[in-house]
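Scroll down for the structure; my scribbles are underneath it.
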Amino acid sequence: MSSGVAVEVRNLTKVYGGGVVGVSDLTFAIREGEIYGLIGPNGSGKTTTLRIIATLIKPTSGFAKVFGVDVVKEPLKVRQLVNYLPEEAGAYRDLTGYDFIRFMLSLRFSGRRLEEAVSEAIEIAGLGSTLKRPVRTYSKGMKRLLALSTVLASRPRLLILDEPTTGLDVERSIQVRQIIARYNREYGITVLLSSHNMLEVENLCHRVGILYRGKLVAEGSVEELKVRTGSRNLEEVFMRVRG
Amino acid sequence: MALRHLVIREIKVTLKNPAFIASLILLFVFYAAVGGVTRVGVSQSVEEVRKMAMRIPVVVEESSPLIKALLLNLNASVSNVKLYQSVDEALSENSYVVVFPKGFTEGALAQDMQKVPMLKAVIKLDSLSQVSVQSRVSVVQSVRQVVSRLLPVTLTQLFNITITQKEVALPDQNIATIVYNRVLGLTEVNSILGFSVAAIFVVAFVMGIATSYAATNTAMEKVEKAFEMLLAQPVPRREIVLAKILGSIALALLNAAVVLIAVLVMIYLMASPASSTTGNGVATVIGFDVALLGKNAITYIVLPLTIGLIYSGAIGVVLGSVSPDERTASVLSMPITFLYIGLGIAGMFLSLPINPVTAVIYGVLVAPLPYVFIISELSKNPELLAIGMGTAITLCIMVIAIAIIIFNRDIVILGIRLPRRRKIELE
């Protein structure tokens, strides 16, 4: 794991129309090559944070930088460094799986590099001849794998995954986690993910940040947090730090 | 029991959709606007007819006792017949003139029932609109009816004879119009108006399709959950917007082409061999329009259509980008199509003169630009066209800019959020 800073978030606040607070005064950093998990209940601000870092929405105040590049000032440059898998990400239902992979990767690569990336995505997806069928015929798990394959094959420096295994069966969830871990290990891709699944975070993430009502209430490695709070697992940690 | 709940749910779900309510309001506004425009048009028509009927300007090209007696009777009947030496003199004071041409007396006295007395008329038009043309034509036809009714009475007075009543004729080809200092037959004017309405309708219709495609496709991308992935890619948002506009244009053209071909096939299949003359008639009218308006006639449709497609595609992208789903997008884009067509054609039914102000209005609507093209060509006033086209192009660029701005704002992800009660909530 490299010691450089991949993501720097400082005093980040997002207030939506009508005064709804997405995140409030959020500060954390992710080291290069790290898998960092944001956990918290629904509405705690996980998706808001990921969307800001992925340049999809803008913060009300504070800043976020990806490898030193400000997400508000230079969003296009940031998008070259990251790729984002939204929660329940799908694909164009009338395209075939293959066409979807090719389309998404053609936005980043061309020529030989594109062909290599497409082949890699096909291998990651592992959907075989199903890729020739329209996406509308896919199960939820297949769509998830398809979308994940395109973001992984693009080999971004920072991979942002919003609830990557939500709605997937155990087998598919394990498969997805293994792929994420492999890409982090083999290509040094920094991963920022959000999850409800404490077990998943415990097994996969090097460090976690616990969000509650828009604020970061605890941060550290899973073991550190367990020791600090005297808990047996991450669920207990969460219950204790939220107060 | 369950049926009641099911029905209530069906209705409630739709009524709870703000876009549905918005579409109802838009439709109400649309029909109220159409009613208002029609009312204004009819009021103008009634007023014009009232003014015109106050005096009947007449030019006599043949002096005969019959015509003199007929004019006396006409004056006694409608009280304000004024005789002029020439058509020009009559038109300098009036907006129309009825002409008793050479051969009128011969036609009236002929034993041959096929030979009828003919009148002529010249109408001066300040603007080329259905209302102004129809109101003037109805006045000269009213004069013809009065003359027709007075003819047997006059013949009896003059010659003490009773003849079988002959209708005095005033066919369309005997009615000339003076519009923008050009003399055109009534058939020609009607043909130009028909061409204008058809061109406006085609442009507005295809614009509606483009808006619908752009809006629903953009919104559908959100539903398919691929939208956020797309926006996270290293592609300038303006390229995404332009791609959506160009895509909707291609689809709208394809759709319009299929509809056009299908309609032509339908007309061809419906036509019996005996009615093939109808087809020739249409071809003649089209040929006439091209001859009259020059070879630019096609340009009159193609240029506004091009601008209209980009404009409407951009509007569709804006609608789709702020809509949470394709149902909302289609509910919003449907009334827009009505507005394109309704407002586009409304101008044709008002006696609005084409001037810089109305040229700007037509430029904003885009669909009536073929009409501006034609008026500009007839009046030899390219300024009007420049103003109309300039407005449309400027607005087109502005709508594209708005779409790009929206794509660079949170709203494209979050959709429109209606203000709620002020309270701090967490998300």
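The values are calculated or read from the model by the stated rules, or taken from the named source; none is laboratory data. This is a predicted model, so every value here is computed, not measured. No Cβ is skipped: glycine too gets one built from the backbone with ideal geometry, and neighbour counts run over all protein chains shown. Calculation scope for accessible area: heavy atoms of the full protein, side chains included, ligands and nucleic acids excluded. Shrake-Rupley method; radii C 1.70, N 1.55, O 1.52, S 1.80 Å.
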How many angstrom lie between the C-alpha centres of segment B:96-120 and segment B:165-224? 35 Å
Angle, helix B:369-378 long axis vs. longest principal axis of chain B, Cα atoms, 0 to 90°, nearest 10? 30 degrees
Mean shadow of chain B, computed from the convex hull of its alpha carbons, in nm²? 31.2 nm²
Residue-wise HN-Hα coupling along segment B:388-404, computed from phi with Karplus coefficients 6.51, -1.76, 1.60 (Hz; x: Gly, Pro): x, 5, x, 4, 4, 5, 4, 5, 4, 5, 5, 5, 4, 4, 4, 4, 5
Hey, what do the phi angles of segment A:164-174 turn into as Karplus ³J(HN,Hα) couplings, whole Hz, using 6.51/-1.76/1.60 and θ = phi - 60°, x for Gly and Pro? x, 10, 4, x, 9, 6, 4, 4, 5, 4, 4
Rounded to the nearest 10, the angle in degrees between the Cα long axis of helix B:65-78 and the longest principal axis of the Cα atoms of chain B comes to 50 degrees
Report the gain in length on full extension from B:Val46 to B:Glu61: 0.36 nm times residue separation, minus Cα-Cα distance, nm rounded to one decimal. 2.3 nm
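Among the listed pairs A:Lys140/B:Lys12; A:Lys73/A:Lys215; A:Lys46/A:Lys77; A:Lys46/A:Lys140; B:Lys16/B:Lys244, give every one whose C-alpha distance is greater than 26 Å.
Correct reply: A:Lys140/B:Lys12; B:Lys16/B:Lys244.
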Going by alpha carbons, how many degrees (0 to 90, nearest 10) lie between the helix axis of B:186-223 and the longest principal axis of chain B? 10 degrees
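Using a probe of 1.4 angstrom, how much of the accessible area of the protein assembly as shown is carbon and sulfur, in percent?
C and S fraction of accessible area: 61 percent.
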Of all C-alpha pairs within segment B:83-197, those more than 16 angstrom apart amount in percent to 62 percent
For the pair B:Lys102 and A:Asn233, how long in nm is the line joining their label points, each one 7 Å along Cα→Cβ? 11.2 nm
Pairs of lysines 8 or more apart, or on different chains, with alpha carbons under 24 Å: count those in segment B:43-179, would you? 17
Sum -39500 (n - 2.57) across every DSSP H segment of at least 4 residues in chain A, then divide by the residue count to get the 222 nm mean residue ellipticity, nearest 500. -11500 deg cm²/dmol
List the trypsin sites (Lys or Arg not before Pro) within segment A:43-74 that DSSP assigns to loop and that have no more than 12 neighbouring Cβ atoms inside 10 Å. A:Lys73
Note down the nm distance, to one decimal, between modelled labels 7 Å out along Cα→Cβ at A:Leu114 and at A:Asp169. 3.6 nm
Calculate one ³J(HN,Hα) per residue across segment A:101-109 by plugging θ = phi - 60° into the Karplus curve 6.51 cos²θ - 1.76 cosθ + 1.60, and present them in order as whole Hz with x for glycine and proline. 4, 5, 4, 4, 6, 5, 7, 10, 10
Can you show me the helix-derived [θ] at 222 nm for chain B, built from DSSP H runs with n ≥ 4 at -39,500 (n - 2.57) apiece and divided by the number of residues, rounded to the nearest 500. -24000 deg cm²/dmol
Once you compute Rg and the Kirkwood Rh from C-alpha atoms, what is the Rg to Rh ratio for segment B:42-134? 1.02
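If I stretch the segment between B:Phe159 and B:Ala386 completely, what's the gain in nm (0.36 nm per residue apart, minus their alpha carbon distance), one decimal?
The B:Phe159-B:Ala386 span can extend by a further 75.5 nm.
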Quick one: of the DSSP bridges fully inside the protein assembly as shown, what percent are antiparallel, nearest 5? 45 percent
Förster-model FRET efficiency, 35 Å R0, B:Val7 and B:Ile411, C-beta, rounded to 0.05: 0.50
DSSP beta bridges in chain B [antiparallel fraction, %, rounded to 5]: 40 percent
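Please average, across the residues of B:234-246, the number of beta carbons from any other chain that are within 10 Å of each residue's own beta carbon, and give a whole number.
Across the residues of B:234-246, the mean count of other-chain Cβ atoms within 10 Å is 2.
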Within a 10 angstrom radius of each residue's Cβ in A:77-88, how many Cβ atoms of other chains show up on average? Whole number is fine. 3
What number, in nm² with one decimal, is the all-direction average of the projected area of the convex hull of the alpha-carbon atoms of segment B:1-93? 12.4 nm²
Those residues in segment A:26-60 that give up at least 30 Å² of accessible surface, probe 1.4 Å, once the partner protein chains are present instead of the chain by itself are A:Gly43, A:Arg51, A:Leu56, A:Ile57, A:Lys58
Hey, can you find the accessible area per residue of segment B:43-179 for me, probe 1.4 Å, expressed in square angstrom? 49 Å²
One computes Rg over Rh for chain A from alpha-carbon atoms, with the Kirkwood Rh, and obtains 0.97
Over the whole of B:219-225, what's the average partner chain Cβ count within 10 Å per residue? Rounded to a whole number, please. 4
With each label point set 7 Å from Cα along the Cα-Cβ vector, what nm distance links B:Asn17 and B:Thr299? 4.4 nm
Ranking request for peptides A:181-190, A:195-204: highest mean number of other beta-carbon atoms within 10 Å first, then the rest in descending order. A:195-204, A:181-190
Provide the buried accessible surface between chains A and B in square angstrom, both chains summed, 1.4 Å probe, rounded to the nearest 100. 3100 Å²
Amide H contacts under 5 Å for B:Ile56, restricted to residues at least 5 apart in sequence or on another chain and with H modeled in the peptide plane, are B:Asn80, B:Val81, B:Lys82
